[in-house]
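Structure first, then comments.
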Amino acid sequence: MLDKNSTILIVDDTHIMRESLRRVLVTMGYEHVIQAENGREAIKILDTSNKKIDLIFLDIVMPIMDGKATLKKIRETNKAIPVIMLTSVADKDSIMECSKQGITSYVLKPINASDGPSMLSDIFVTL
């Protein structure tokens, strides 16, 4: 189970999605949440943050640096950090490609306040 003091990074180009997921996480007791709006920003946070990131939620489709490229870059330096891919379409090819690079799981968007905690709790049990 993921410790409630863990730092979670949400990477999604849509502010509403980032904020919705942040609210769900806070409802679940996770208050240390950092946000990035694209993969390049996420990599910068991972490289320069003085905080250890314990979990990443990573959107697949984003401008500037998409989720697949970001995941590849993350895995070059950190194979252990759990990464949960976010996708609005159950694109089996993308999910399979990400699985080969070691994702922990994936979640279909949108994530809303009523379903979010129950949807994520099953994943969090395995972390």
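What to note about this one:
- Residue in segment 103-121 that is at pLDDT 95 or above, of a type outside the set (V, I, T) and surrounded by 14 or more Cβ atoms within 10 Å (Cβ to Cβ) present: no
- Test: residue in segment 58-75 that is at negative phi, in contact with a Ser or Thr (Cβ under 9 Å, 6 or more places away or on another chain) and in contact (Cβ under 8 Å) with a residue 60 or more places away in the chain: no
- Positions within segment 23-38 being over 14 Å from D59 (Cα atoms) and under 11 Å from the mean Cα position of the chain (by Cα), in sequence order: V33, I34
- The number of residues in segment 15-31 being basic (K, R) and crowded, with 20+ Cβ neighbours inside 10 Å comes to 1.
- Selection within segment 68-98: residues that are hydrophobic (A, V, I, L, M, F, W, C) and assigned to a strand (DSSP E or B). The member of this set that is farthest from L2 (Cα to Cα) is L86.
- Any hit, segment 32-44, residues being at pLDDT below 95, closer than 23 Å to I123 by Cα and surrounded by fewer than 21 Cβ atoms within 10 Å (Cβ to Cβ): no
- In segment 1-50, the residues that are under 18 Å from P82 (Cα atoms), of a type in the set (S, T, Y) and assigned to a loop (DSSP other than H, G, I, E, B): S6, Y30, S49
- Pair list, Cβ under 6 Å, 6 or more apart: segment 115-127 residue under 15 Å from M85 (Cα atoms), other residue assigned to a loop (DSSP other than H, G, I, E, B): F124/L2; L127/L2; L127/P82
- I16 in contact (Cβ under 8 Å) with a residue 12 or more places away in the chain and of a type in the set (A, V, I, L, M, F, W, C): no
- Positions within segment 76-102 being free of Cβ contacts under 8 Å to residues at least 40 places away in the same chain and aliphatic (A, V, I, L, M), in sequence order: A80, I81, V83, I84, M85, V89, A90, I95, M96
- From the list D12, D3, D47, D54, the lone residue that is surrounded by fewer than 19 Cβ atoms within 10 Å (Cβ to Cβ), at pLDDT 95 or above and either of a type in the set (D, E) or within 25 Å of S94 (Cα to Cα) (or both) is D54.
- Among the residues of segment 74-93, those identified as in contact with a strand residue (DSSP E or B) (Cβ under 9 Å, 6 or more places away or on another chain), modelled with pLDDT under 90 and either among the basic types (K, R) or surrounded by 13 or more Cβ atoms within 10 Å (Cβ to Cβ) (or both) are T87, S88.
- Search result, residues across segment 33-54 that are farther than 17 Å from M17 by Cα and either touching a Leu at 6+ places or on another chain (Cβ under 7 Å) or not hydrophobic (A, V, I, L, M, F, W, C) (or both): R40, K44, I45, D47, T48, S49, N50, K51, K52, I53, D54
The values are calculated or read from the model by the stated rules, or taken from the named source; none is laboratory data. Given the structure is predicted, the values throughout are model-derived calculations rather than measurements. Cβ sites come from the backbone with ideal geometry, for glycine too, and all protein chains shown count toward neighbours.
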